[in-house]
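Working notes, beginning with the structure itself.
Derivation of every value follows stated rules applied to the coordinates shown; laboratory data play no part. This structure is a prediction, so every number in the text was calculated from the model and none was measured. For neighbour counting, all protein chains shown are included, and Cβ atoms are generated from backbone atoms with ideal geometry for every residue, glycine included.
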Amino acid sequence: MLTATLDTFDTPIAPLNVGDVVTLKSGGPRMTVTYFGPVALTAGDWVVCQWFDEHGELRQEMFEQEHVRLEPRSIPPGSVHVGRFARVARPG
C-alpha cells in the first residue's frame, strides 16, 4: 500500500495580487485583495481585503497571508477591460 502525505508547513505560499479573490481558511465571504505586502510595525506579508457583508456594507480588514486561501475568479481574467465596453452579439 502506498501512502502519500503533504506537509503544508513546507509548501511555499504563492504571493497574492491586487484583485485576487480569497476566503479565510476558517470560512467566510469571498473577499477581494486590495493590498498585499509588508505593513508598518508588523512582521511578514499581510493581505488587506474588502468585501460586502450581509447588509450590503463595505468592509475592510487585514489578515496574515497564511490565514487566507486563493479562490477561483468568477469572471475569467482578460474578459473585463476598464474604461471600455464590449458589445455582445445577440441572435435575432
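Among residues other than VAL21 with Cβ under 12 Å from its Cβ, the summed charge is +1 (Lys and Arg +1, Asp and Glu -1). Would you please state which residues of the stretch 41-69 a label at THR23 would reach in this model, taking the label point 7 Å out along Cα→Cβ and a backbone N cut-off of under 11 Å? Only 69 fall inside the zone, counting backbone N under 11 Å. One chain, two ends: HIS55 and LEU41. Fully extended at 0.36 nm per residue, the span grows by 1.8 nm beyond their Cα-Cα distance.
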